[in-house]
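Structure first, commentary second.
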Amino acid sequence: MATKKATTSADVFEFPTFDMTQMSDGYREMADKSLSQTKEAYAKVKTVSEEATKAIEATLENAQAGTVELSLKAIDAARGNVEHSLSHMEALLGVKTVAQMIELQTSFFRKQSEMMVDQAKIMQEAAKKVAEEVSKPVKAVAEKAMDEIKVA
């Protein structure tokens, strides 16, 4: 016959050996690690946000300056066209023959065409310069971010 082991009331209420200090130390370490990782991530996000804000501000400033530059070039072109047209009108008032009028008109159209080509080149160069200046801050931030991604 099998013998039963006698259990005492102390055996029934005995708790397994479990050290709560070890568990709380583990949770504390995990919380500290999580907190430090969160702080690091926040610092990185803050830095990137500040850089992006500075880039946007610089972009807007460059765009404003570029708009002013393009506007001034357009005004100069319009001024040149108006002056050329007014001088042509004055010359037409002194025409005595049809041949002189045709010669003046031909000369005016030729000069006007040359001016338009030159003005288009000037505006194209200015627009290219403005586009480069406007994109420069964002391009720098993007390149820096790509370099950081390559390192990581």
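Readers should treat all values here as calculations from the given coordinates under stated rules, not as data from a laboratory. Note that the structure is predicted; figures quoted are calculated from it, not measured. Note that we place each Cβ from the backbone using ideal geometry, even for glycine, and neighbour counts take in every protein chain shown.
Of all lysines in the structure, the ones whose alpha carbon falls short of 17 Å from that of residue 46, not counting any fewer than 8 places away in one chain, are 54, 144. Label sites at residue 49 and residue 98, each approximated as a point 7 angstrom past Cα along Cα to Cβ, lie 7.9 nm apart. Considering all different alpha carbon pairs of the range 101-152, the Kirkwood hydrodynamic radius works out to 14.5 Å. Against the empirical curve 2.2 N^0.38 Å, the C-alpha radius of gyration of the range 37-147 lands at a ratio of 1.90. The slack between residue 86 and residue 131, meaning 0.36 nm per residue of separation minus the straight C-alpha distance, is 12.8 nm.
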